[in-house]
Amino acid sequence: MTNKIQINLRLQPEMIEELKKEAEKQKRSVNNLLEVIISEYLESKK
């Protein structure tokens with residue numbers, strides 16, 4: 001069992017397509033890509 005919390009996120013269809021393409025390039029899921037992006041953003045704010 002994971003200790004992660006699920007959230008709903010609404011994005012423009014074009015943005016979803018771009019995220020899918022980038023995730024595929026990096027051999028990641030879109031979810032994992034978003035986790036990495038958010039983590040890097042938060043780390044840069046420290």
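No value in this document is a laboratory result; all are computed from the given coordinates. Since we're looking at a predicted model, the values are computed, not measured. Cβ sites come from the backbone with ideal geometry, for glycine too, and all protein chains shown count toward neighbours.
Can you give the helix-only mean residue ellipticity at 222 nm for the chain, where every DSSP H stretch with n ≥ 4 adds -39500 (n - 2.57) and the sum goes over all residues, rounded to the nearest 500 deg cm²/dmol?
Details: 2 runs with 28 residues, N = 46.
Helices in the chain give a 222 nm mean residue ellipticity of -19500 deg cm²/dmol.
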- Task: Among Gln6, Leu33, Ser44, flag the residue with its Cα farthest along the positive direction of the charge dipole of the chain, charges on Cβ as +1 for Lys/Arg and -1 for Asp/Glu.
- Result: Gln6
- Task: For the chain, set up a Gaussian network in which alpha carbons nearer than 10 Å are linked by springs, and say which option among Leu34, Leu11, Leu19 fluctuates the most.
- Result: Leu11
- Message: Going Cα to Cα from Lys20, which aspartates and glutamates come in below 14 Å? Please leave out same-chain ones fewer than 8 positions away.
- Response: Glu35
- Item | the chain: mean projected area of Cα convex hull, nm² | 4.4
- Query: Against the longest principal axis of the chain, how steep is helix 13-25, in degrees 0 to 90 to the nearest 10, with axes from Cα atoms?
  - Reply: 80
